[in-house]
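Scroll down for the structure; my scribbles are underneath it.
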Amino acid sequence: MLLDWLRIAKELQAIAQAGIEFSENKYDLERYQKIREISVKIMQGYTDASLEKIRELFAFEKGYQTPKVDIRGVVFRKGKILMVRETIDGMWSLPGGWADVGYSPFEIAKKEVFEEAGLTVKPQRLLAVYDKTKHPHSPDIYHVYKLFILCEDSGLDVKIGMETSDVDWFSREEIPHSLSLPRITRSQIDKMFEYYDNPSKDVECD
């Protein structure tokens with residue numbers, strides 16, 4: 001039920017934002033603004049955030065609304081995958097974050113691995129594009145596409161970054177149970193190991 005209402009709120013927000021962006025009739029604009037406010041109230045009813053915070057994060061974007069893009073760098077070393085512990089929740093994830101304007105997906109993957117794990121890498125290829133709603137992540141107010149990009153390991157030492165408190169390499173049997181579910185799931189990590197076992201495996205897309 002929670003996920004259904006969050007999905008409804010996000011769909012209403014997208015409709016409202018498109019209407020506000022393209023409508024010229026003041027009565028239509030009022031109706032779309034009302035739809036936006038309804039979406040904010042639905043979201044507030046199912047989260048701990050205040051109405052003001054939700055309006056700031058959820059309802060004040062401009063232009064036609066599109067999914068946000070989260071990019072994860074996938075790095076292997078001797079059969080182990082690189083993971084970082086996020087300071088924001090103390091949980092483990094693959095290095096990565098939101099795509100920044102002005103950077104390509106490969107550039108983001110390289111930048112995030114360096115910033116979070118102190119490791120210089122060379123992005124090689126796209127492994128997967130996932131729709132966050134189709135995977136067992138914790139609920140999110142945004143509609144998110146997740147890109148997983150395989151990066152070549154430079155073999156240098158790793159170190160923590162500004163947003164991480166630990167960095168380490170894990171075999172598939174050693175993957176921490178304390179995963180940062182807003183960012184990564186165990187099934188996605190298992191899928192990355194499938195690419196390690198089968199380098200010719202085709203790109204996956206939801």
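Tell me which residues, restricted to the range 10-48, are among the polar types (S, T, N, Q), within 25 Å of residue 133 (Cα to Cα) and free of Cβ contacts under 8 Å to residues at least 40 places away in the same chain. It would help to see each step written out before you state the result.
Just the residues of the range 10-48 that are among the polar types (S, T, N, Q), to begin with: 13, 17, 23, 25, 33, 39, 44, 47.
Subsequent filtering for residues that are within 25 Å of residue 133 (Cα to Cα) retains 13, 17, 39, 44, 47.
Passing the criteria: 39, 44.
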**Asked** Among the residues of the range 3-52, how many are more than 29 Å from residue 138 (Cβ to Cβ), assigned to a helix (DSSP H, G or I) and out of contact with any Lys or Arg (no Cβ under 8 Å at 6 or more places or on another chain)?
**Response** 10
**Asked** Among (1) touching a residue at least 24 places away in the same chain (Cβ under 8 Å); (2) on the phi < 0 side of the Ramachandran plot; (3) not charged (D, E, K, R), which single condition is residue 118 missing?
**Response** (2)
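Would you pick out the residues in the range 66-79 that are buried (at least 18 other Cβ atoms within 10 Å of the Cβ) and farther than 14 Å from residue 98 by Cα?
So in the range 66-79, the residues buried (at least 18 other Cβ atoms within 10 Å of the Cβ) come out as 70-75.
Answer for the range 66-79, where residues must be buried (at least 18 other Cβ atoms within 10 Å of the Cβ) and farther than 14 Å from residue 98 by Cα: 74, 75.
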**Asked** How do the pairs read when you match residues in the range 88-99 that are surrounded by fewer than 18 Cβ atoms within 10 Å (Cβ to Cβ) with residues anywhere that are outside any loop (DSSP other than H, G, I, E, B) and among the hydroxyl-bearing types (Ser, Thr, Tyr), using Cβ under 8 Å and keeping only pairs 6 or more apart or on different chains?
**Response** 90/165
**Fill in**
Just one listed residue, out of 93, 138, 178, 154, is farther than 28 Å from residue 48 by Cα and among the polar types (S, T, N, Q), and it is 154
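For the range 127-143, check the following and say yes or no: at least one residue is more than 30 Å from residue 12 (Cβ to Cβ) and either in contact with a Leu (Cβ under 7 Å, 6 or more places away or on another chain) or exposed (fewer than 15 other Cβ atoms within 10 Å of the Cβ) (or both). Reasoning before the result, please.
Taking the range 127-143 as the starting set, the residues that turn out to be more than 30 Å from residue 12 (Cβ to Cβ) are 127.
Checking which are either in contact with a Leu (Cβ under 7 Å, 6 or more places away or on another chain) or exposed (fewer than 15 other Cβ atoms within 10 Å of the Cβ) (or both) leaves us with 127.
The answer is yes, given that some residue of the range 127-143 is more than 30 Å from residue 12 (Cβ to Cβ) and either in contact with a Leu (Cβ under 7 Å, 6 or more places away or on another chain) or exposed (fewer than 15 other Cβ atoms within 10 Å of the Cβ) (or both).
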**Request:** Only residues that are surrounded by 13 or more Cβ atoms within 10 Å (Cβ to Cβ) and over 18 Å from residue 67 (Cα atoms): list them for the range 6-30, please.
**Result:** 23, 28, 29
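Looking at the range 157-167, is at least one residue within 13 Å of the chain's Cα centre (by Cα), more than 25 Å from residue 44 (Cβ to Cβ), in a strand (DSSP E or B) and not basic (Lys, Arg)?
Filtering the range 157-167 for residues within 13 Å of the chain's Cα centre (by Cα) gives none.
Within the range 157-167, none of the residues are within 13 Å of the chain's Cα centre (by Cα), more than 25 Å from residue 44 (Cβ to Cβ), in a strand (DSSP E or B) and not basic (Lys, Arg).
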**Prompt:** Out of the range 100-109, which residues are in contact (Cβ under 8 Å) with a residue 24 or more places away in the chain and surrounded by fewer than 22 Cβ atoms within 10 Å (Cβ to Cβ)?
**Reply:** 105, 106
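Values quoted throughout were computed directly from the atomic coordinates according to the rules given, and no laboratory measurement underlies them. All of these numbers come straight from a predicted model, not from anything done at the bench. Note: ideal-geometry Cβ built from the backbone for every residue, glycine included; neighbour counts use all protein chains shown.
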